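A short worksheet on the structure shown next.
The values are calculated or read from the model by the stated rules, or taken from the named source; none is laboratory data. Predicted model, so just to flag it, every value in this text is computed and none were measured. Every residue, glycine as well, gets a Cβ built from its backbone with ideal geometry; the counts of neighbours run over all protein chains shown. SASA here: full protein model, heavy atoms, side chains in, ligands and nucleic acids out. Shrake-Rupley method; radii C 1.70, N 1.55, O 1.52, S 1.80 Å.
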Amino acid sequence: MSIKNELKESIIGLDPLDQRVIDTNLCKADGTHNKSALGANSILAVSLANLRASAVSRSIPLYQYIHSINKQVSKLNKEPILPAPMLNILNGGVHADNKIDFQEFMIQPLGFNTFKSALRCGVEIFNELKNFLKSENLITSVGDEGGFAPQLATAEEAIELILKAIKASGYEAGKDVFVCLDPASSEFFNENKYILQGADKHLSSGEMISYLKTLTSKYPINSIEDGLDEDDWEGWKSLTETLGSEVQLVGDDLFATNPERIKRGIEESVANSVLIKMNQIGTISETLEAVALSQENGYKTVISHRSGETEDTSIADLAIGLAAGQIKTGAPSRTDRVSKYNRLIILEEKFKIPFVGKNEAL
Ligand code: PGA
Ligand code: ZN
């Protein structure tokens with residue numbers, strides 16, 4: 001049977017309003033522990049289509065429907081709230097053809113009362129950054145997540161440029177807006193060393209932690225995602241002890257949106273925040289479970305796009321409906337990224353949803 005027919009057969013006759021039963025059956029049809037038979041992307045497509053159809057049939061916006069089904073999953077089921085955006089405005093690593101080792105340099109506007117004004121701050125800084133790149137004869141073409149991909153070599157050069165753009169836009173770094181990093185360290189971890197080619201550094205786990213500490217003491221950085229390799233649990237523990245009280249430490253490759261890995265993180269006091277990617281785990285119900293588990297244990301949550309994306313805007317509603325607090329969905333460029341920002345603005349205007357406060361987001 002084709003994948004399409006297997007997926008179809010597994011849910012025919014079921015109640016679409018019972019998302020959990022739909023998802024359980026999709027997982028059963030796959031039969032593997034990591035969805036390798038039918039594939040997480042195809043399973044998610046069906047799970048998500050069912051979720052969206054259910055919201056339409058109830059005549060309520062998707063975020064409200066998500067909030068309503070989340071009460072079966074989450075003990076907290078916090079009231080819907082608009083997330084603080086994390087805009088990836090400068091791309092490196094495997095997302096760009098430059099020498100920068102770290103994958104993402106983001107800005108997070110926090111000192112604002114509405115999502116719209118926070119986003120406006122992000123857009124102004126993005127445009128100012130383009131002006132600086134042009135004036136320094138650096139290319140302004142963009143990487144996978146819509147951020148610029150100039151030929152720089154080090155994280156410091158990238159951050160300095162972003163700080164210039166923040167200042168030129170009339171905002172104060174460390175007050176109105178913060179810098180967030182996603183080194184995506186698993187990508188350059190080899191034989192127990194963190195190999196930073198652009199910066200010409202070969203670092204042990206401890207040295208990598210010291211390097212991240214130096215960056216956070218020098219710059220207004222409030223969040224670091226995948227600061228270490230996904231299987232360097234010992235290193236992560238020490239990174240959390242070193243920086244966890246001052247900086248958000250987000251596990252992306254580390255947790256893979258997988259409740260089993262998140263549980264291990266909670267038990268071992270590793271990281272303090274979880275990146276949530278729907279297609280990493282593969283169904284809506286398991287995504288809700290991963291968020292509930294994180295929130296109930298005091299971990300922050302960041303709903304995330306993928307570098308390969310479509311214009312689907314479901315993650316905007318997911319971030320609001322689950323009161324995730326933060327969303328990471330690229331630079332304000334490329335329709336696959338901008339569509340999510342537009343959806344958030346529309347929902348803010350239409351339903352007067354509050355914007356997450358500075359203290360609540362992080
Ligand atoms: P990916 O990147 O979608 O290529 O995994 C996004 C990220 O690392 O956050
Ligand atoms: Zn990441």
Checking rank on 187-196, 80-89, with mean other Cβ inside 10 Å and highest first, the result is 80-89, 187-196
In degrees, nearest ten, helix 155-168 long axis to first principal axis of the chain (Cα): 90 degrees
Label point at Lys350 placed 7 Å out along Cα→Cβ; residues across the range 70-114 whose backbone nitrogen lies under 17 Å: 80-83
Quick one: compute a quarter of the convex hull surface over the Cα atoms of the range 268-362 and quote it in nm². 6.7 nm²
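Dipole size in debye (nearest 20) for the chain around its Cα centre, Lys and Arg Cβ +1, Asp and Glu Cβ -1?
On the way: 37 positive and 50 negative charges, 259 e Å.
Its charge dipole is roughly 1240 debye.
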Can you pull the percent of the range 155-235's accessible area that's carbon plus sulfur, 1.4 Å probe, other chains left in place? 43 percent
Quick one: go through the range 233-254 and flag any residue whose amide nitrogen is under 14 Å from the point 7 Å out along the Cα-to-Cβ line of Asn192. 233-235
Among Gly206, Gly122, Gly146, which one shows the biggest mean-square fluctuation in a GNM of the chain, springs joining Cα atoms closer than 10 Å? Gly206
Near Lys350, within a Cβ-to-Cβ distance under 14 Å, what is the net charge of the other residues, with Lys and Arg +1 and Asp and Glu -1? 0
Per-selection Rg to Rh, the range 125-272 - Cα, Kirkwood hydrodynamic radius: 0.99
Of His33, His202, His67, which has the most accessible area with a 1.4 Å probe, and how do the rest follow in descending order? His33, His202, His67
A student asked for the Cα radius of gyration and Dmax of the range 74-187 in angstrom ought to give 14.8, 53
Judged on accessible area alone, 1.4 Å probe, highest first, Ser269, Ser10 line up as Ser269, Ser10
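Just the Kirkwood number for the range 213-268, please: inverse of mean 1/r across all distinct Cα pairs, in Å, one decimal.
One over the average 1/r among Cα pairs gives 11.7 Å for the range 213-268.
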Work out Dmax and Rg for the range 240-313 from the C-alpha atoms and quote the Rg first, both in angstrom. 12.3, 39
What number, rounded to the nearest 500 deg cm²/dmol, is the helix-based mean residue ellipticity at 222 nm of the chain, given -39500 (n - 2.57) per DSSP H run of at least four residues and division by all its residues? -14000 deg cm²/dmol
Can you give the convex hull volume per residue for the Cα atoms of the chain, as a whole number of Å³? 129 Å³
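Would you mind working out the magnitude of the charge dipole of the range 1-112 relative to its Cα centre, with +1 at each Lys and Arg C-beta and -1 at each Asp and Glu C-beta, to the nearest 20 Debye?
The dipole magnitude comes to about 300 debye.
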Normalised radius of gyration for the range 1-76, please: alpha carbon Rg relative to 2.2 N^0.38 Å, two decimal places. 1.14
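If I stretch the segment between Ser135 and Lys175 completely, what's the gain in nm (0.36 nm per residue apart, minus their alpha carbon distance), one decimal? Present the calculation step by step, with values, prior to reporting the outcome.
Details: separation 40, 0.36 × 40 = 14.40 nm, distance 2.68 nm.
The span from Ser135 to Lys175 would gain 11.7 nm if fully extended.
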Additional length obtainable on full extension of the chain from Lys263 to Asp312, 0.36 nm per residue less Cα span: 14.7 nm
Could you sort Cys121, Cys27 by their accessible area in this structure, using a 1.4 Å probe and putting the largest first? Cys27, Cys121
Linear extension gain, Lys201 paired with Val21, 0.36 nm per residue minus alpha-carbon span: 59.8 nm
Just grab the label-to-label distance for Arg58 and Lys116, each label 7 Å out from Cα along the Cβ direction, in nm (one decimal). 2.8 nm
Quick calc: nm separation of the 7 Å Cα→Cβ label points for Thr214 and Ile12 -> 6.3 nm
